[in-house]
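The values are calculated or read from the model by the stated rules, or taken from the named source; none is laboratory data. What you see is a predicted model, and the numbers here were worked out from it, not measured in a lab. All Cβ positions, glycine included, derive from the backbone under ideal geometry; neighbour counts span all protein chains shown.
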Amino acid sequence: MFHLTIKPKGTLCRLTSLIFAASLILCLNLWFELFERLTERLTDSACSQPLNPTNLTTATDAFAMLEPFPICIGILAYDGKQTLEETLRSFSDSGLFSAVKKALIHFQKIDSPARQQWMEAVLLDHPALQATFTFENIEFEGFLRMAKRCQEEYFITIEEDFKIVPENYHLLSIQISSAIAMVQGGTAAIFLRSRSIPGLPDYARQSFERGELGKQFLLHHSTWNYDAERDFHEISQCRETPKYWCASTRHASFTNNPVLYKTSFYVNLLERSTSLRYKDIEPTITKHWKALNLTVSRSLGIFTHERIDRWA
């Protein structure tokens, strides 16, 4: 009787446990599916809807709550007080300063009390910046020095006249995270100038309109032509969401516009140049750049060129 009583009971318990476990797994799968769909909808919404300007502080605070990306931004400052201030304010308002591990700035030609006061005022207003300066204008060497100081895996080059306009604030997270993913997948460089609001002057567009845009600049067609990969076999679509266009370094010329690189790659690239003067940098690096035959990419972009003033 003892065995007859306990065996059905044990079987029933095991059956009940199996039913419970199966129900739990089903519920968890449904929950994860719902969560994934909700996340996709929020991401799509974030990519397609402008951020309400009244919520800019909330957006910045949201970045502060997340783990920063392993990126140093390197800002080269030289020739515009108001231009630099507008740029730095946009980085603060958009959340860029909070989104990266380190913000570096190099001040060129701090050779007078007035320029020293300017530098000190900037650093007082933006304490997150880690600064260096030189008495002379060392031009592109300023980027090399900042990149060598960067201990993070990625480096973004930014001249003082490239800001983030409010219309692009909502793209910051998806653009940076996807750019890192592309570099991790083997892309050498990600061009970050905005497609929708590139700013002026836009020399590539001007050359295109004159019929003078060379094959080494083919990737620029993706700035104004969403289906550029259909018109040029040298360009390919290499990511779907957000859309990325890829081309070889032979068809995507080196640029001093904002670009994300692996820090080690960028340092090696500049150290190969025989001159880091602006008049020399593009021609001297371009020869080596083309020979690399690596992949370069661009997507939505977040930086807009806007020069307001020059040092008087």
Of Leu123, Leu76, the only residue that is buried (at least 21 other Cβ atoms within 10 Å of the Cβ) and either under 20 Å from Arg307 (Cα atoms) or at pLDDT 95 or above (or both) is Leu76
Those residues of the range 183-198 which are at pLDDT 95 or above and either surrounded by fewer than 16 Cβ atoms within 10 Å (Cβ to Cβ) or on the phi > 0 side of the Ramachandran plot (or both) amount to Gln184, Gly185, Gly186
Scanning the range 241-278 residue by residue, the ones that are modelled with pLDDT under 95, surrounded by fewer than 14 Cβ atoms within 10 Å (Cβ to Cβ) and closer than 30 Å to Asn168 by Cβ total 2
Scanning the range 86-120 residue by residue, those among the polar types (S, T, N, Q) and within 22 Å of His305 (Cα to Cα) turn out to be Thr87, Ser90, Ser92, Ser94, Ser98, Gln108
When (1) surrounded by fewer than 19 Cβ atoms within 10 Å (Cβ to Cβ); (2) modelled with pLDDT of 95 or more are applied to Met65, the one that fails is (2)
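Quick grid of which residues meet (1) free of Cβ contacts under 8 Å to residues at least 24 places away in the same chain; (2) hydrophobic (A, V, I, L, M, F, W, C); (3) more than 30 Å from Ser177 (Cβ to Cβ):
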residue	(1), (2), (3)
Leu66	no, yes, no
Gly74	no, no, no
Asp79	no, no, yes
Phe107	no, yes, yes
Within the range 279-310, the residues that are surrounded by fewer than 19 Cβ atoms within 10 Å (Cβ to Cβ), part of a helix (DSSP H, G or I) and within 23 Å of the chain's Cα centre (by Cα) are Glu282, Thr286, Lys290, Leu292
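Here's the yes/no breakdown for (1) over 18 Å from Lys148 (Cα atoms); (2) part of a strand (DSSP E or B); (3) of a type in the set (Val, Ile, Thr):
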residue	(1), (2), (3)
Pro242	yes, no, no
Trp245	yes, yes, no
Arg250	yes, no, no
Asn256	no, no, no
Val267	no, no, yes
Ser275	no, no, no
In the set Glu282, Glu234, the lone residue that is closer than 22 Å to Phe140 by Cα and acidic (Asp, Glu) is Glu282
>> Take the conditions in contact with a Cys (Cβ under 8 Å, 6 or more places away or on another chain), crowded, with 16+ Cβ neighbours inside 10 Å and not small (Gly, Ala, Ser) and apply them to Phe155. Does it pass?
In response: yes
The helices (runs of 4 or more DSSP H) lying entirely within the range 138-231 that contain at least 1 residues which are under 21 Å from Trp289 (Cβ atoms) and within 12 Å of the chain's Cα centre (by Cα) are 172-184
Within the range 95-117, of all residues that are buried (at least 18 other Cβ atoms within 10 Å of the Cβ) and in a helix (DSSP H, G or I), the one farthest from the chain's Cα centre (by Cα) is Arg115
Going through the range 182-206 in order, the residues found to be closer than 17 Å to Tyr244 by Cα and free of Cβ contacts under 8 Å to residues at least 40 places away in the same chain are Gln184, Gly185
